[in-house]
Amino acid sequence: MTDWKKICRIDDIPVLGARRVRRAAGADVAVFRTADDRVFALLDRCPHKGGPLSQGIVFGEHVACPLHNWAISLVDGQARAPDVGCATRFAVRVEEGDVCLLSGELLALAVDGDALAGVDPATARRMTAHCPDVAVDAAPPTLSSCAQSQEPPPPRTIPIMAA
């Protein structure tokens with residue numbers, strides 16, 4: 001039996017925004033909401049230098065890292081070419097407006113040395129990395145002029161709700 005953990009309501013995540021989920025061990029998890037209300041979850045660390053993806057700009061199915069503007073796919077965690085790297089993905093589902101993550105993944109994925117999966121070689125010397133080889137969508141980003149001119153609000157951390 002799969003154990004899904006209720007994290008928040010979909011309305012708690014702003015459209016084209018993110019929320020952080022704190023864990024007992026390992027880095028936070030960023031939960032993202034796209035313009036068409038799809039929800040994705042990645043480790044809240046860019047595979048380049050560990051920037052907080054939850055503070056990036058969501059566009060289409062990608063998030064732009066706030067440190068160096070790397071575009072990270074929300075679907076598979078892969079950095080868009082020419083950049084190379086991968087953010088750890090977490091399974092997510094939405095049921096009747098509740099956003100849920102797998103309890104086992106929250107406890108086991110990207111803890112300890114795996115906290116920055118897919119980081120660049122300089123950062124990888126300090127941390128363990130693993131990333132599946134997955135094709136990346138090379139479509140260019142399309143940001144509205146409003147999204148380009150506004151700084152995103154800092155993400156709010158949401159406590160994990162009791163089951």
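Summary table below
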quantity	calculated
Leading residue by the ranking (nearest to the chain's Cα centre (by Cα)) among those in region 55-114 that are polar (S, T, N, Q) and more than 19 Å from ARG38 (Cα to Cα)	ASN69
Top-ranked residue of region 18-33 - restricted to ones that are under 12 Å from the mean Cα position of the chain (by Cα) and assigned to a loop (DSSP other than H, G, I, E, B), ranked as nearest to GLY56 (Cα to Cα)	ASP28
Candidates VAL63, VAL75, VAL84, VAL15 - the one that is in a strand (DSSP E or B) and on the phi < 0 side of the Ramachandran plot	VAL63
Which listed residue is touching a Cys at 6+ places or on another chain (Cβ under 6 Å), outside any helix (DSSP H, G or I) and under 22 Å from LEU102 (Cα atoms), from CYS46, CYS8	CYS46
Tally of residues being under 22 Å from LEU106 (Cα atoms), out of contact with any Lys or Arg (no Cβ under 9 Å at 6 or more places or on another chain) and modelled with pLDDT under 95 across region 50-78	1
Positions within region 1-56 being in contact with a Gly (Cβ under 9 Å, 6 or more places away or on another chain) and basic (Lys, Arg), in sequence order	ARG9, ARG33, ARG45
Qualifying position, being surrounded by fewer than 23 Cβ atoms within 10 Å (Cβ to Cβ) and within 15 Å of SER103 (Cα to Cα), among ASP83, ASP28	ASP28
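The values are calculated or read from the model by the stated rules, or taken from the named source; none is laboratory data. Keep in mind that what you see is a predicted model, and the values were worked out from it rather than measured. Note that each Cβ is placed from the backbone with ideal geometry, even for glycine, and that neighbours are counted across all protein chains shown.
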